[in-house]
Amino acid sequence: MKILGISGSPRGSASRTLRLVQAALQGAEERGAETECIDLWMYDLQYCIGCMLCHRMGECVHKDDFPEIQQMLEESDGIVLGSPVYIDNVTGMMKTLFDRLADAIHCQLLTGKYGCSVSTTHSSGGAEVVTYMNHVLNWLGVTVVGGVWAAHGKDPGALEGGEEEAWALGRTLAEAIQGKRRFPEQETLLAEIREDF
């Protein structure tokens, strides 16, 4: 069982979001998962130009690090997405990744995998960003097991509490993979998405 964590924060080791991603991965490791965590800021990701060459020809006009990330996603059983809130949304680098996954969405390349999302914010937008990232996971064909966010601006202890929740979320993710847990409320949605594409 492999679980890939992706941090969309540009702050490297100082990232609060990275702490939540790592906590989720630690929880998954407690349930026997092999985990890997990547920081998007360390990769060369060019902006999608919407040419759809990826979907038509199976290749991209850009020559960058995206194929490496997509391969890691395809080889994983579970995915943890993490982004801080930047103006009520994910960071630009996380959005760039989502845009570059257009072919994976159209071809439903991640169908059968499980995932979850985590976010940090000063005061607002955390729930919305988690909801958005989980929505993208569904569009990729991934079954979502939940999400965690922490607003640390007014509560200095929120991050530590968020880490505990993320750890539990990671365990839930691993257990869902191990037991092939079904989420009936998502099955209809995922089937409709597959039908659309």
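Structure notes:
- So Asp39, is it under 14 Å from the mean Cα position of the chain (by Cα), within 19 Å of Gly112 (Cα to Cα) and of a type in the set (D, E, K, R): no
- Residues that are without any contact (Cβ under 8 Å) to a residue 60 or more places away in the chain, of a type outside the set (Gly, Ala, Ser), open to solvent by 70 Å² or more (accessible area, probe 1.4 Å) and in contact with a strand residue (DSSP E or B) (Cβ under 6 Å, 6 or more places away or on another chain) do occur in the stretch 33-46.
- Gly27 meets all of the listed conditions (1) open to solvent by 70 Å² or more (accessible area, probe 1.4 Å); (2) of a type outside the set (A, V, I, L, M); (3) part of a helix (DSSP H, G or I); (4) at pLDDT 90 or above but one, namely (1).
- Some residue of the stretch 122-139 being over 19 Å from Arg16 (Cα atoms), within 17 Å of the chain's Cα centre (by Cα) and β-branched (Val, Ile, Thr): yes
Listed here are the residues, each with its yes/no results for (1) more than 23 Å from His106 (Cβ to Cβ); (2) hydrophobic (A, V, I, L, M, F, W, C); (3) assigned to a helix (DSSP H, G or I); (4) at pLDDT 95 or above.
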site	(1), (2), (3), (4)
Leu4	no, yes, no, yes
Val21	yes, yes, yes, yes
Trp41	yes, yes, yes, no
Gly50	no, no, no, no
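- Close pairs (9 angstrom Cβ cut-off, 6 or more residues apart or separate chains): without any contact (Cβ under 8 Å) to a residue 60 or more places away in the chain and at negative phi in the stretch 61-74, outside any loop (DSSP other than H, G, I, E, B) and exposed (fewer than 15 other Cβ atoms within 10 Å of the Cβ) anywhere: Val61/Leu53; Asp65/Met42
- Taking each residue of the stretch 174-189 that is open to solvent by 90 Å² or more (accessible area, probe 1.4 Å) and looking for partners that are of a type in the set (Lys, Arg) with beta-carbon atoms closer than 8 Å, six or more apart or interchain, yields Gln178/Arg31.
- Considering residues of the stretch 78-112 that are of a type in the set (Gly, Ala, Ser) and in contact with a helix residue (DSSP H, G or I) (Cβ under 6 Å, 6 or more places away or on another chain) only, the residue farthest from Gly162 (Cα to Cα): Gly78
The values are calculated or read from the model by the stated rules, or taken from the named source; none is laboratory data. Keep in mind it's a predicted model, so treat the numbers as computed, not measured. Backbone-built Cβ (ideal geometry, glycine too); neighbour counts: all protein chains shown. We work out accessible area using only protein heavy atoms, side chains counted, and drop any ligands, DNA or RNA first. Shrake-Rupley method; radii C 1.70, N 1.55, O 1.52, S 1.80 Å.
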